[in-house]
Amino acid sequence: MGQLDNKTAIVTGSSRGIGADVAKILAGEGAAVVVNYRQKAPRANKVVQGIEAEGGRAVAVGADLTTQEGVQALASAAMENFGSLDILVLNASGGMETGMGEDYALKLNRDAQVNMLNAAVPLMKEGSRVVFVTSHQAHFINTVPTMPAYEPVARSKRAGEDALRDLIPNLAEKGISLVVVSGDMIEGTVTATLLDRSTPGAIEARRAEAGKLYSVEEFAQVVAGMVTADVESGHTEYAGGADYFGKSGQ
């Protein structure tokens with residue numbers, strides 16, 4: 001018996017990277033998983049095939065979370081395929097892509113997060129858990145400067161976190177908890193690659209400053225662990241980057 005038997009999870013942005021690993025971990029613990037992608041259907045299908053090969057249950061669902069149709073389609077997929085929705089991992093983020101419009105970061109990192117939560121909540125039972133994934137560069141942006149290339153994304157993700165935290169009292173009325181996971185720069189992610197491209201040496205410099213950076217797999221374990229962790233709603237779980245805490249004022 002797995003810890004998440006008879007539970008259903010949606011993991012946004014889970015066709016690759018951290019989201020894909022979180023989806024696999026949750027499926028390994030017994031959850032049926034809705035694997036979400038925006039454009040990369042073959043990648044998402046590969047994640048599903050990997051889960052099914054291990055005896056798990058999963059379905060790939062294409063949905064652009066910046067549209068109301070996408071958000072509703074993703075929430076509905078959990079009920080249509082598995083009959084419940086107990087876990088929502090808000091992992092999808094972005095804003096460093098080119099050609100997406102200047103307000104894309106806010107649309108995805110704030111508005112889409114709130115809209116996805118609002119679409120999921122009516123389907124979630126008492127005891128359900130929401131996990132929002134962010135970065136130290138975003139979480140601490142009000143007190144610790146970040147690289148100029150990342151600042152608009154960091155501020156949009158902090159705005160998303162603040163907007164979600166504002167909903168905690170409403171969630172509490174339904175018995176739903178929200179937990180935030182904040183990680184230092186993660187080796188091997190798309191964001192890290194884009195940052196290193198815009199600011200050559202950024203990853204190496206951060207690694208030297210922090211002493212160690214988490215891998216995608218290590219960070220995914222932290223995120224997945226917060227799905228069942230016995231913590232208060234509103235709790236922030238930190239992964240790496242201990243140097244932030246002395247200079248953050250938080």
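The values are calculated or read from the model by the stated rules, or taken from the named source; none is laboratory data. Just so we're clear, the structure is a prediction, and the values are computed from it rather than from any experiment. Note: ideal-geometry Cβ built from the backbone for every residue, glycine included; neighbour counts use all protein chains shown. Please note that ligands, DNA and RNA were not included when accessible areas were found on the heavy atoms of the full protein model with its side chains. Shrake-Rupley method; radii C 1.70, N 1.55, O 1.52, S 1.80 Å.
Accessible surface for the chain, divided over its residues, is 45 Å² per residue with a 1.4 Å probe.
How high is the relative contact order of the chain? Use alpha-carbon pairs under 8 Å, at least six apart in sequence, and give a whole percent. Result for the chain is 18 percent. Cross-link reach is defined here as a Cα-Cα straight distance under 19 Å, omitting same-chain residues fewer than 8 places apart; for residue 125 the lysines meeting it are 7, 174. Taking 0.36 nm per residue of separation and subtracting the Cα-Cα distance, full extension of the segment from residue 193 to residue 207 would add 3.7 nm. In this Cβ point-charge picture (+1 for Lys and Arg, -1 for Asp and Glu), the chain has a dipole of about 300 debye about its Cα centre. Maximal additional length on extending the residue 151-residue 49 stretch stands at 33.0 nm, based on 0.36 nm per residue less the C-alpha distance. Look at the dipole of the chain built from charges on Cβ: of 144, 199, 177, the Cα furthest out on the positive end belongs to 199.
Ellipticity at 222 nm from helices only: DSSP H runs of n ≥ 4 in the chain, each -39500 (n - 2.57), divided by the residue count, give -12500 deg cm²/dmol. Among the protein heavy atoms of the chain, carbon and sulfur supply 48% of the accessible surface, probe 1.4 Å, non-protein parts ignored.
The magnitude of the dipole of the stretch 178-250, with charges of +1 and -1 set on the Cβ of Lys/Arg and Asp/Glu and taken from the Cα centre, is near 240 debye. Relative intensity of the chain on a log10 scale, I(q)/I(0) at q = 0.14, 0.18 Å⁻¹, equals -0.89, -1.50, per a Debye sum over C-alpha point scatterers of equal strength in the absence of solvent. Each Lys or Arg adds one and each Asp or Glu subtracts one; over the other residues with Cβ under 12 Å from the Cβ of residue 19, this totals +4. Between 66, 134, 199, the Gaussian network model of the chain with springs among Cα atoms under 10 angstrom shows the greatest mean-square fluctuation at 199. Take the Cα of residue 143, step 7 Å toward its Cβ, do the same at residue 232, and the gap between the two points is 1.7 nm.
Annotation: amide H-H contacts under 5 Å for residue 128 (H modelled 1.01 Å from N, sequence separation of 5 or more, or interchain): 177. Selection among 47, 58, 82 by position relative to the dipole of the stretch 26-99 gives 47 as farthest towards the positive end (Cβ unit charges, Cα centre). Distance from the alpha carbon centroid of the stretch 190-208 to that of the stretch 1-21 works out to 28 angstrom.
Cross-link partners for residue 40 among the lysines, with Cα-Cα distance under 24 Å and sequence neighbours closer than 8 places in the same chain left out: 24, 107, 157.
Only the Cβ atoms of Lys and Arg (+1) and of Asp and Glu (-1) were treated as charged; on that basis the dipole of the stretch 46-93 about its Cα centre amounts to roughly 80 debye. Comparing 113, 68, 137 in a Gaussian network model of the chain (Cα springs below 10 Å), the most mobile by mean-square fluctuation is 68.
With a Cα-only, solvent-free Debye model of the stretch 1-108, what are the log10 I(q)/I(0) values at q = 0.13 Å⁻¹? At q = 0.13 Å⁻¹ the computed log10 ratios are -0.44.
Between 118, 142, 109, the GNM of the chain built on Cα springs shorter than 10 angstrom shows 142 fluctuating the most.
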